[in-house]
1. What order do you get for B:160-170, A:227-237 when each peptide is scored by the mean count of other beta carbon atoms within 10 Å, highest first?
2. Provide a whole-number value for the mean count of partner chain Cβ atoms within 10 Å of the Cβ atoms in peptide B:124-133.
3. Once you average over the residues of A:115-121, how many Cβ atoms of partner chains fall within 10 Å of each Cβ?
4. Please compare each pair in A:K510/B:K168; A:K457/A:K523; A:K263/B:K62 to a cut-off of 22 Å on the Cα-Cα distance and tell me which ones are over it.
5. Classify region A:334-422 as rounded, prolate or oblate, taking a ≥ b ≥ c as the square roots of the eigenvalues of its Cα gyration tensor: rounded when a/c is under 1.5, otherwise prolate if a/b is larger than b/c and oblate if not.
6. Is region A:198-346 rounded, prolate or oblate when judged by the Cα gyration tensor, a ≥ b ≥ c being the square roots of its eigenvalues, rounded requiring a/c under 1.5 and prolate requiring a/b larger than b/c?
7. Between B:T91 and the same site in the other copies, what are the distances in nm, shortest first, taking label points 7 Å from Cα along the C-beta direction?
8. Rounded, prolate or oblate: which fits region B:431-517 when a ≥ b ≥ c are the square roots of the eigenvalues of the alpha-carbon gyration tensor, with rounded for a/c under 1.5 and prolate only if a/b beats b/c?
2 protein chains.
Amino acid sequence: MRKFAAGRLKSALTRYYHKQTPLSSSQSRFLSSTPVLDSATPMADSSSHSSSPVTLQTINPKVLRCEYAVRGEIVNIAQRLQQELLDKPGTLPFDEILYCNIGNPQSLGQQPITFFREVLALCDHPSILDKSETQGLFSADSIERAWKILDQIPGRATGAYSHSQGIKGLRDTIAAGIEARDGCPADPNDIFLTDGASPAVHMMMQLLITSEKDGILCPIPQYPLYSASIALHGGTLVPYYLEEASGWGLEISELKKQLEDAKSKGINVRALVVINPGNPTGQVLAEGNQRDIVEFCKQEGLVLLADEVYQENVYVPDKKFHSFKKVSRSMGYGEADISLVSFQSVSKGYYGECGKRGGYMEVTGFSAEIREQIYKVASVNLCSNISGQILASLVMSPPKVGDESYESYRDERDGILSSLARRAKTLEDALNSLDGITCNKAEGAMYLFPRINLPHKAIEAAKAANTAADAFYCRQLLNATGIVVVPGSGFGQVPGTWHFRCTILPQEDKIPAVVSRLTDFHKKFMDEYRD
Amino acid sequence: MRKFAAGRLKSALTRYYHKQTPLSSSQSRFLSSTPVLDSATPMADSSSHSSSPVTLQTINPKVLRCEYAVRGEIVNIAQRLQQELLDKPGTLPFDEILYCNIGNPQSLGQQPITFFREVLALCDHPSILDKSETQGLFSADSIERAWKILDQIPGRATGAYSHSQGIKGLRDTIAAGIEARDGCPADPNDIFLTDGASPAVHMMMQLLITSEKDGILCPIPQYPLYSASIALHGGTLVPYYLEEASGWGLEISELKKQLEDAKSKGINVRALVVINPGNPTGQVLAEGNQRDIVEFCKQEGLVLLADEVYQENVYVPDKKFHSFKKVSRSMGYGEADISLVSFQSVSKGYYGECGKRGGYMEVTGFSAEIREQIYKVASVNLCSNISGQILASLVMSPPKVGDESYESYRDERDGILSSLARRAKTLEDALNSLDGITCNKAEGAMYLFPRINLPHKAIEAAKAANTAADAFYCRQLLNATGIVVVPGSGFGQVPGTWHFRCTILPQEDKIPAVVSRLTDFHKKFMDEYRD
């Protein structure tokens, strides 16, 4: 497997850098997020005069090149089918759409943590804080926490723009939470609160990317936010392949090889993206592996962009989340040694508050003048939303033993996490029981990324339908079962291999239906296309 | 005045386009947001090896070039002084900092509209909706509205990512609000909900700007979000000057002149930004003027980017807000005739909910394929925050006559707006009473933009201090009085003229102090520097 991967990879990259041969459908889909302008990409043409002055020929080609599979074509089809279910019930072979395409837990019935929502509601409408009815409706510690937060906001004005890095008192709370997690100091002035992790990633890409000569090392498969952001900022995605055969292992030798290869093509590689726990791959890095990655970044002068939004989502007893900051500091590396950005979000974990758009990045190892530039860019958008800021402080500082809400909080949290672990295992086992499917363990995050060994006949049928083979499979799955998964080609994969990403998020009572529908579909599909 | 402006303008532009002579401090500050690379701008240098791989020499020069005066140096000084007031009370000649630099009403004590906050709190914590205590704490119509909104959200999941354009039911409400405002149809599918108006502006700039060959016509003075966004996306700001002598009038002849001038330099002008009511200038466009602008955009094939975030902030009886969409439709121009984007925000108006980061853009007159591209970019960031989305629906659909909250809502709204009108008039009169200051009326928005006729001696002193003359004035004002205003050079102005932007937002009981401190300072300043 490894040798196969390396060989295929080399030829794919060679073709990519030299633009000699047409790319396969999966490659071009992945590589559409790179800076390579092909002849099909229209260039700006000021002489164009349609009824609107804005056409595909005249817009920014970086926008054209950007792709985001998680909300791509398959979701558009799903939305059409959902409307059909409403308009003409009974005409489809299923009675609901099961969205397994996106890490959006509350859309599938996961309930928010009560304490968090109590505090948010009180901060939204502080004038009820000293009313007697409020005591009956809200926990005592949520009221106390709301007062504490209001006192941290200048003028108690929850409707005002805050400091562009976020409210100082909330950053203090977050820094204390990071310290408690890592056992090493965290500085509130290193925290930049953002509307979810995505804008934070964009900010760093914007800072680091000047042109297509600037490269960002990204895992393949990767969360397509990275390829989309690199495309929008006009940089070059330098892929490093995770090794499927060793449970999506991250090999330093592969990083080195890809770095050297990119350098030899004149690419100035600026940063390394690591997603831990992995998305879409679900693996949790071992601490030793993380130390090697830190050492690599230090030696090569790369910024380490650590996507740590799944830090609470670890499901296996033999693995534990370690932040890259903790690992760096444990190696004796401080501010002067490594430039490190850690991304965190309120959207994932056991909280799953995607719609609140809260998150932060912890920026360490940058000079004061660079931090000023980051601050300046943050200030152009004034600040992130205050509810999201409050929530980010809450997830980094949940109720503690002895607080009135502690036990209900703990039960809600543990209930969600243990259920996610069971769902991951059930789905993984079900997938592995299918002929032609192999699936690594979801040690963490919210996804499985099974490999489908598609028969030649299916691949040919996909070609005839002018689509990637995994997209062909996923579309048929959706049409037959209502289950929405994302083709592997949206995340990148070793050319010639096919995968899909499936979340573990349907509620537990739906999992048997997912398993049986998927199993039935897969058997029929394989029967139809068996070589 | 007009002739003077045109002459100075021409020579400034000539120098700008031909890069022949050094620019004045105010020009270079304004023009720093343009694509012109000067020799002082460091270029990427991959050989640099400091302790951090990221230096001013290696980051994206577009980030370096971007400036945002509203949160610039003057605010940093103010924050230091505020800390000094806390640490060493009594050592400064004032006892509080009065932030007149930014349109952030609630930071200065403006209270949120109760009904809006009730609904937000209930949507944040829906499980209290059917508790009996809730009836005592919340108005009946806020409970009803919260139920209605929850029913519009799939699965009532306020913590889930929504559709990337925003929750469909909320877009329906907003479209209905636009229809009621304009008296012509609005389509919910034209609405893109965003985290405030700023990300919407960035999205359009990203779509339209491919390189420095793409120009955007912007008013001067302008809200520096525009210059910052154009700089970040690498385009060229094509200035058109508002005519101070006619109350910041927008002359079509000036638009034409600047458009032709830009075209002759090889700039492909894509869009025209109009801010109405004006920021920082406070004027409200007459309908006839708006018709001319629409006609100009249609004739020249320009996208009209209409910043209409101050649509509720009109203070003079002889002026009324008309949306550009209404004006276009009243001229018989529909989807096929003009590409128009209207930006709206929950941060301004009488609501002033800046920290909630809610807003939308209404996108009309673009082809389906271009709208797909806009949707794709929106989808990369998944969605805007749900509380901001809800609030955007509320400001476009506030309580109506007969609703339980109507009267309190109306009183809160009218109290804020009439107070803002009084504050605008008091400050305008006070400024106009000062020797060497002339100030146009604030017909709308939240700002005054007085012109300071600085003595030669002051200008020389500023030069000696290596700063723009208006920044010199504003800094001295801050140090003497604690009043924070933004130098005109941060917004752009006719070269050789000096201004500052001052919000009308300090609470009414503070206005006399602002007036007397400003008056005292100005007299002393003029006495010190009189020629």
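1. A:227-237, B:160-170
2. Per-residue shielding by partner chains comes out at 6.
3. Details: counts 0, 3, 9, 4, 2, 8, 10.
Taking all residues of A:115-121 together, the mean is 5.
4. Working: A:K510/B:K168 26 Å; A:K457/A:K523 15 Å; A:K263/B:K62 24 Å.
The pairs that break the limit, which is 22 Å between Cα atoms, are A:K510/B:K168; A:K263/B:K62.
5. prolate
6. Rounded is the answer for region A:198-346, as its axis ratio a/c remains below 1.5.
7. 7.7
8. Note, shape of region B:431-517 comes out prolate.
Values quoted throughout were computed directly from the atomic coordinates according to the rules given, and no laboratory measurement underlies them. Please read all numbers here as calculations on a predicted model, not as lab measurements. In this analysis, Cβ positions are derived from the backbone assuming ideal geometry, glycine residues included, and neighbour counts consider all displayed protein chains.
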